[in-house]
1. Place +1 on the Cβ of every Lys and Arg and -1 on the Cβ of every Asp and Glu in the chain, take the dipole about the Cα centre, and give the residue among ALA81, TYR109, HIS360 whose Cα lies farthest towards its positive end.
2. Using +1 on the beta carbon of Lys and Arg, -1 on that of Asp and Glu, and nothing else charged, what's the dipole of the chain about the Cα centre, debye to 20?
3. Treat the chain as a sphere of radius equal to its Kirkwood radius over Cα pairs and apply Stokes-Einstein at 10 °C in a medium of 1.306 mPa s; give the translational diffusion coefficient in µm²/s, rounded to a whole number.
4. Over the alpha carbons of the stretch 156-215, what is the largest minus smallest coordinate on each principal axis, giving the biggest first in Å?
5. Keeping all protein chains in place, calculate the accessible area per residue for the stretch 522-676 (probe 1.4 angstrom), answer in Å².
6. Listed here are the pairs LYS402/LYS488; LYS203/LYS290; LYS191/LYS290; LYS344/LYS419; LYS184/LYS318; which of them are more than 26 Å apart at the Cα?
7. So what's the Cα pair-distance distribution over the stretch 447-527, bin width 5 Å, in %?
8. If you put +1 on each Lys and Arg Cβ and -1 on each Asp and Glu Cβ, how big is the dipole of the stretch 272-431 around its Cα centre, in Debye rounded to 20?
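The values are calculated or read from the model by the stated rules, or taken from the named source; none is laboratory data. Not measured: the values here are computed from a predicted model. Here the Cβ is made from the backbone with ideal geometry for all residues, glycine too, and neighbour counts use every protein chain on show. Areas reflect the complete protein model, heavy atoms only, side chains present, ligands, DNA and RNA absent. Shrake-Rupley method; radii C 1.70, N 1.55, O 1.52, S 1.80 Å.
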Amino acid sequence: MRIRPLLFVAPVVLAGTLFLAAPGAVQAAGGVTETGTATYEVVPAQNLIQVTVEVSIRNDKPSQASGGGGVSYSWNSTTIAIEQAASPVVATSNAGGVSQSTVGSDNRYRTVKLNFANVFYGQTRVVTAKYSIPGSPQAAGAFHASAGYASLCAAAGGRDSGLLKVIIPDGYDLRVDSGGQLTKTGDSGGKQVFSSGAQANPKDFWTCVAARSQATLSHSPVTVGSQAFDLQGWPGDSTWTAMVGNNLSADVQRLEDLTGLTMPGGTIVIAEVGNGGLTDHGLGYDPATKTVRIPQSANPAMVAHALSHIWFNPTLLKDTWLSEGLATFSEKASGEGNYAPCDKAPAYPGSGAPDLMTWHTLNLNSTIQNQNVYDWQYAASCAFFTSVAKAMGPDNFKNVLKAAAAGEMAYNAGVPGEKAGGAQLPLTSQQMLDLLDERGMISAGVADLDQAQQLLGGEGVSDPATLAARFDSRTVYHAVAAKAGTWKLPPVVREPMSKWDFPSAQAEMAGTRTILDLRDLIEKQLPSFSLDGTDIQTRFESAATQADLDDLAALMRKVSDASAKFAQAAQSRNGVHDILQTIGLIGADLDTPLKQARADLQRIDPDAAGSKAESVTNRVNGSRTIGLLWVIAVGASVAFVLTLTTLLLVFVFLPIRRRKAAAAGAAGGGDAEPPA
């Protein structure tokens, strides 16, 4: 029930005094105060809901003197909104009769004007309207009242202040499906009373509730694979139980095949509910109680939709469009029709720009346009998932959903189950889009990095500037990842990408590229040398801050310098040496320090490696001098030997020769001249 703010004016002139039946839309300060209480009582034995609306109108507008006469103000009408399915209204007041007429109608309510005797200054009129709403188990709409189950939607009474009461039998558990909350305020005479409390703006308060009596429900156990279900139907409604049971086994299998996900285990309750839910057509899943809600009038496709919410619900996905888009896609793709996709989303039927992030629900004041926007949301979100699933293929789509269910980060380092720092479920739209792109589109070889987000560009999921920054950053990210090769990009890059902090990500990727450039330079300087598996790779892949990158870059520069020295030393050792260098390197051990330098590089000790490499280079560079010294030394030694030989000839062998000659002359008996 809702109170219409429009009242009616009927001026009457009596004995020189003007009585005005003024509009009650003015606030209490304008002279009239209207308070009300709307009470909805569930009566299962009669399959109906009894409604009582009590409105109290008080006139505090005093008479005013005017030109020898006076003007008095009185109120004599108000309007209330009656559900279309309601019985005729019986209206009474505490003073005089009440007449009524229908003055308006929409798809849910008819507006009834109640006329009563004039309420003059200082008076209070209490008007009571009573009617009933049929609530048989097969009734269409939001109203049910039967043994085992009841549901209704209602609004508070009054205009300036008011409240709503809902009364249900003992043994029923009440749950608010949508709208405002109710608090239990009484329990007596076999009835439970729930109240909204006083509402300052009663026209804005509404609620839709359901109540179940567990003791009277039917229970039908069903097991599909390893998953147990308990179908809880209304007493006597075997049709619903049969329909759900007949579709359950096939739907569970098809959903698991489609998504790659598995049922959570334990026992899942599938509860029969009313047909008039204002959220997701009455379908839903409560993770806390592991209860699936399926309306009494559901069709087989709705069973698949409801079952998919076992996975796709607010505990996994933060934004409603994700859960409903995946559930609607699952309903269509896993239902009959051989995986028929959702059609392309129709044109947005609302005013302004479409915005899937602001999920529109229906309430008791919803218009036909509201209903159209509500339906469009399902079509648009389903069309998005249909498009990306088709682009990435079934296996990649399953991988995306598995990663989402595990709460994994999109930009992972190949570590199973890796999550972003501080990340926890539920996943945001940004995180889900990243998973679709990085785990789905990229894995499928989709080259267009903009394809998935273009589908959301006009749906309000993110602003165009942010999506453009994301595209630019992802372009750089994949270029850096390609350059890194088998090295995994570090958390300092992947974390800001996951958080859509693209300025930080771009800055960190610049530092990362510097390190990779140094790595490539080192390996170019030493073709047979690799930093794979070294401490540098470990530090690179684990860098979590800019300071980590800066420290690693400084170390890489030292390693680069050392590798340059090593390359120079190896070239010096292996180069062509002249005769003096060859002589100077005789006996020199160049291999040992080079081997040690290479080992130092492998264990990332650039200081030791550089020192040993320099010792080899210095030894080769000094070899010519050493060779020359060797030549000089050898020449000097040869000259010394020759000189010594000459002296021996002069001082040893020549005297001997002379003595021999003299002896020969003496033996010949003559004077003989010594030989010249």
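1. Towards the positive end, the residue furthest out is HIS360.
2. Working: 51 positive and 60 negative charges, 158 e Å.
My answer is approximately 760 debye.
3. Details: Rh = 33.3 Å.
This corresponds to a translational diffusion coefficient of 48 µm²/s.
4. Largest to smallest, the principal-axis extents are 40, 24, 12 Å.
5. Numbers: 9710 Å² over 155 residues.
Result: 63 Å² per residue.
6. Where the Cα-Cα span goes over 26 Å, the pairs concerned are LYS203/LYS290; LYS191/LYS290; LYS344/LYS419; LYS184/LYS318.
7. The percentages, shortest bin first, are 3, 14, 23, 20, 16, 11, 7, 4, 2, 1, 0.
8. Values: 9 positive and 13 negative charges, 45 e Å.
So the magnitude is around 220 debye.
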